[in-house]
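Okay, structure first, notes after.
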Amino acid sequence: MTSATALPTREARRAGDHRWLRFIARRTGRLLVSLWVLMTAAFLMIHLIPGDPVRVALGPTASAELVEARRRALGLNDPLIVQYIEYFRGVLTGDLGTSIQTGLPVAQTIAQRLPATASLAVLAFVCAVIVSVPIGVAVAVATRRGRARRLELGFASGSIFVSAIPDFLLGVALVSIFGVALGWLPIAGRSGPESYILPVVALSLGPAAVLARIVRVEMLSVLEADFVRTARAKRLPPWRIYLSHALPNAVTATLTLAGLLLSSLVVGTVLVENVFAWPGLGSTIVSSIQTKDYPMAQATVLVYGAGVLIINTIVDAILAMLDPRTTVAEN
Amino acid sequence: MRAVRRTLRTPLGAAAAILLAIVLLTAVFAPILWGEQAAVVDTDDILAGPSPEHPIGTDGLGRDLLLRVLVATRLSVSLALVATLVAVTAGLVLGVAPLLLGRAGRAVTWFVGIAVAFPGLLLALFFAVIFGTGWLGATLAIGLAGAPSFARLCQTLVAGVASRDYVAAARVGGIGRFRVLFRHILPNIGEPLIVNATIGAGAALLSFAGLSFLGLGIQPPAYDWGRLMMEGLSGIYLNPLAALAPGIAVVIAGLAFNLVGEAAARALGIESTGIVARLAAVQPRRAVGASAPASPDEILAIRDLTVTFPGQEGPVQPVRGVSFSLRRGEVVGIVGESGSGKSLTALAIAQLVEEPGVVDADTLRFVGADLLEGDPADHRRLLGNSLAMVFQDPMTSFNPTKRMGGQLAEVATHHHGMSRREAHDRAVDRLGAVRITDPERRARQYPHEFSGGMRQRAMIGMGLMGSPKLIIADEPTTALDVTVQQQVLNLLRSIRDDDDVAILLISHDVSVIAEICDRVLVMYAGRIVEDLPVSELSRARHPYTRALLAAVPDMQTDLDRPLATVPGRPVDPAHVPAGCAFAPRCPLADAHCRAVDPDLVPVAPTARVACWHAGEPLPTPVAEVARDTEEVVA
């Protein structure tokens, strides 16, 4: 190969990278703006609470001096703009405030509990994808062009039914079957790999059913595309047509939805954690709302929200890598 | 209402409506009938399992759980409905804001765009912090949490309606924004909004159960399904039904709202799945030993080729007995109107007709191999190497997510066992062969980075990855500019000249066929009606061929007069008339034509025609007839 032909190649690649980087830069910008909105909302949350949040938190029996002291400690007597700036400075330096109930730094509690929640959500998401994609592809191939009507009907009604069961109810059902009746699996707590099984199943079954349906619908429409006919005209074997030609084109819509599912799955852990007494952030946010521990509630909402925003940005970046048209359409 | 009636007529809609009616009736009457009984405390019988007296057991105060589940229907459903109302109202306000507020409205849109990215439960928890626990706080929290997605929906719906002509006309006419909103826009988005609100009510029901289950919703002594689940979970070792029964009630009620909404959406929208036509039993018939021996020069031999599809009223046959052959290096065109069966003929030869279509023939022989018999794997190898296809739309015929070079190369890796490196080099070489400049760089690009003409040349290059004996090109130039058309035709011609490849060119454009082909097959209603050398086109014998030729504009065409067309409409393959299919549009047709279909018979050493009046002078020039009719036929 001469350098004359190699040069434009490298340039073309660099141009492609360039476009992707610009796309990522724009997405990062949007992420920062969204984070700012989120932090502002979290900040305002405490000020939107009807009445004096400290009085509400400490109850009517607390003395006026105690309330006043706590107000000062939380900086609630400063002008709003000062509080706003202080709040931002705190969040950016990792200071999420102090719990009204325990007096401990909120950041410490969150750091302790975040791994349990994150591992649960990620595991559940991976399971949902691993199960749903092969099922969706297989059902699409089997039912295309009106074949196997019974399978189609069974799949449609089955997946609708499964996705209609809320994850916490599924958790309760799993506990009563596999924990109580059969006694195979632990029903609560986080203690070793087997304690993950029931919460992960409860969290992933619904999203898996939704994803499998989307994969099927996307595959069905991709299989009718002209380029699939071209692939057939090349006399490629069917598995190669389905997996190498059709599936990557069904990925865009699937991944978009999977991103949404992942962010709702992250928040869905709140309910499932309460079913399984999982020592994660979900129990923290619920108890903080019940005990009116506002700094704690504020920080957990912030963490969940930031998690959702970051997941969305990552999904967009992956999409742009897999489907080069995404970046072009944006430009 | 139209929507309600249509929804109820579908089986799903009717079933869902009955389910919803049961849920609503329970919500109304259960507290009246059993409200007091459900509150009766029995300290002798606490946390009991199922018994005849208490079918699903009792709670911590010995109260009957079945009755409590039934009574809880009212609170659960009514609060879900109130929350939905809050969501729809807030969503509507946010959704129409862009229309009413102008620039400030854009900020609302921007804000909704950010808020909608957060899952509903997170928003509900956010508001639960502000409003605190209890029924009012939970209702507001769930309602406001649902607002962003409704706002997004409203924005989309409003934008759709606002761009319609009559709304634009009203605005141009000086009608105020509010008046436009209430008179023209809201009535038009009402239906989809109600349908989505119904689905949303199902979701609100589940969210409410979730919040109460967490202890953030309904507080004792009041109880809803979520609260009952929470209380049941603590006693799950004693009585699992205590937690499961209210959960099942939540699912049933949620599904009832959901399904009614979905059924209504489906009834109002376009039926997407459609009833797939059942495949009528089509018996393949085969005349044994009818095929003529192959000559060494023969590339393709077809006799009595048919393609059949199942239809609403029995099988439909868009290709009804096509016979012809192709020799090495011969370029044959098939011309005809849309629906004449020319493209299906091409797909049938290439073995690309998919179920439920059925291809049959007395003879279908490609380079000596009978494609109707033998091992499909052998055929695949033969066709993959020796038959190249070029499709109409180069835009959609390449896989948008794969690089061009890879799409060409996989033919070689798969059929010729080449390594990736060799196959890539071959692909680059072939791109060069179809006159794509800088093929090394182009091979690394994606289809969307190619122009239309380049894509079509690359498609031809893909066919040249093997050593094709036949190229089937189905309308290869239709989607291209005139100058680019010429390049593609020149390319096909030079490939024929260099390698003696036979070409079957399908087109509706007689001038394209005339430019490159040796011979023309004219198809009408699934049959060949005339087969003649291009040089004899001017002496065509079939009235349909003559009408087609008269419809081709040339330099002498008087542009002040309407363009000539073939009078009448093409035949619908589901309703082919008896006798000659062209008879209804033919100026020469008589009773015999309408009764008996003429066979395709040789009329000269090189020409065949299927017409009882072949070559007879036309009563009036076809072109004159055409100018009298307004009907335009593609």
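Summary of computed values
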{"read-out": "Radius 15 Å from Cβ of B:Thr26, net charge of other residues (Lys, Arg +1; Asp, Glu -1)", "value": "+1"}
{"read-out": "Cα-Cα pairs of region B:74-273 separated by more than 27 Å (percent)", "value": "39"}
{"read-out": "Net dipole in debye of chain A [+1 Lys, Arg Cβ; -1 Asp, Glu Cβ; about Cα centre; nearest 20]", "value": "1560"}
{"read-out": "Under 12 Å, Cβ to Cβ, from B:Glu330 - net charge with Lys/Arg +1 and Asp/Glu -1", "value": "+1"}
{"read-out": "Cα convex hull of region B:426-520, projected area averaged across orientations, nm²", "value": "6.0"}
{"read-out": "Percent of beta bridges antiparallel (DSSP, the protein assembly as shown, rounded to nearest 5)", "value": "60"}
{"read-out": "Degrees separating the helix B:420-433 axis from the principal Cα axis of chain B, which is the longest one", "value": "50"}
{"read-out": "Rounded accessible area of B:Asp165 (nearest 10 Å², 1.4 Å probe)", "value": "130"}
{"read-out": "Order of exposure, largest accessible area first, which applies to A:Tyr196, B:Tyr544 with probe 1.4 Å", "value": "A:Tyr196, B:Tyr544"}
{"read-out": "B:Leu47/B:Leu12 FRET efficiency (R0 56 Å; Cβ-Cβ; nearest 0.05)", "value": "0.90"}
{"read-out": "B:Ala525 long-range amide H proximity, modeled H, under 5 Å", "value": "B:Val571"}
{"read-out": "Max mean-square fluctuation residue, GNM over chain A, Cα-Cα springs under 10 Å, options A:Ala253, A:Ala128, A:Ala208", "value": "A:Ala253"}
{"read-out": "Proximal charge balance of B:Gly200 [Cβ under 14 Å; K/R count +1, D/E count -1]", "value": "0"}
{"read-out": "Per-residue ³J(HN,Hα) for region A:19-35, Karplus 6.51 cos²θ - 1.76 cosθ + 1.60, θ = phi - 60°, Hz, x for Gly and Pro", "value": "5, 5, 4, 4, 4, 5, 4, 5, 5, 5, x, 5, 4, 5, 4, 5, 4"}
{"read-out": "Pairwise Cα inverse-distance average, inverted: Kirkwood Rh of the protein assembly as shown (Å)", "value": "33.3"}
{"read-out": "Nearest-20 debye value, the protein assembly as shown charge dipole, Cβ charges on Lys, Arg, Asp, Glu", "value": "1320"}
{"read-out": "Nearest-10 value in Å² for the accessible area of A:Ile81, using the 1.4 Å probe", "value": "110"}
{"read-out": "Solvent exposure, largest accessible area first (probe 1.4 Å, DNA, RNA and ligands not counted), of B:Leu480, B:Leu505", "value": "B:Leu480, B:Leu505"}
{"read-out": "Value at 222 nm in deg cm²/dmol, rounded to 500, when DSSP H runs of n ≥ 4 in chain B each add -39,500 (n - 2.57)", "value": "-15500 deg cm²/dmol"}
{"read-out": "Rg in Å to one decimal, and Dmax rounded to a whole Å, for region B:88-164 via C-alpha atoms", "value": "13.4, 45"}
{"read-out": "Shape call, chain A: gyration tensor on alpha carbons, a/c limit 1.5", "value": "oblate"}
{"read-out": "Cut-off under 5 Å, modelled amide H: who pairs with B:Ile299 long-range", "value": "B:Leu326, B:Arg327, B:Arg328"}
{"read-out": "Carbon and sulfur %, accessible surface of region B:74-273 computed with the full protein complex present, 1.4 Å", "value": "69"}
{"read-out": "Positive dipole terminus of region B:74-273, leading residue within B:Met229, B:Gly137, B:Ile185 (C-beta point charges)", "value": "B:Ile185"}
{"read-out": "Area of B:Trp34 that stays accessible when all protein chains are in place (1.4 Å probe, Å², to 10)", "value": "80"}
{"read-out": "Listed residues B:Gly202, B:Leu255, B:Ala170: farthest to the positive end of the dipole of region B:126-278 (Cβ charges)", "value": "B:Ala170"}
{"read-out": "Dipole moment magnitude, nearest 20 debye, region B:74-273 about Cα centre, only Lys, Arg, Asp, Glu C-beta charged", "value": "740"}
{"read-out": "Principal semi-axes in Å for chain B [√(5λ), Cα gyration tensor, largest first]", "value": "67, 30, 28"}
{"read-out": "Estimated buried accessible area (total), pair A and B, 1.4 Å, Å² to nearest 100", "value": "6400"}
{"read-out": "In sequence order, calculated HN-Hα J values of region B:307-313 (Karplus, 6.51, -1.76, 1.60; Hz; x Gly/Pro)", "value": "10, 10, 10, x, x, 4, 10"}
{"read-out": "Among A:Tyr196, A:Leu174, A:Phe155 the positive-end extreme of the charge dipole of chain A (Cβ point charges)", "value": "A:Phe155"}
{"read-out": "Hits among lysines - C-alpha to C-alpha of A:Lys234 under 22 Å, sequence gap 8 or more where chains match", "value": "B:Lys342, B:Lys402, B:Lys469"}
{"read-out": "Ranking by accessible area, most exposed first, for B:Cys580, A:Cys127 with a 1.4 Å probe", "value": "A:Cys127, B:Cys580"}
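The values are calculated or read from the model by the stated rules, or taken from the named source; none is laboratory data. Values in this document were obtained by computation on a predicted structure and should not be read as measured data. Ideal geometry is used to build each Cβ from the backbone, glycine not excepted, and the neighbour counts take in all protein chains shown. Side chains are part of the model used for accessible areas, which takes the heavy atoms of the whole protein and leaves out ligands, DNA and RNA. Shrake-Rupley method; radii C 1.70, N 1.55, O 1.52, S 1.80 Å.
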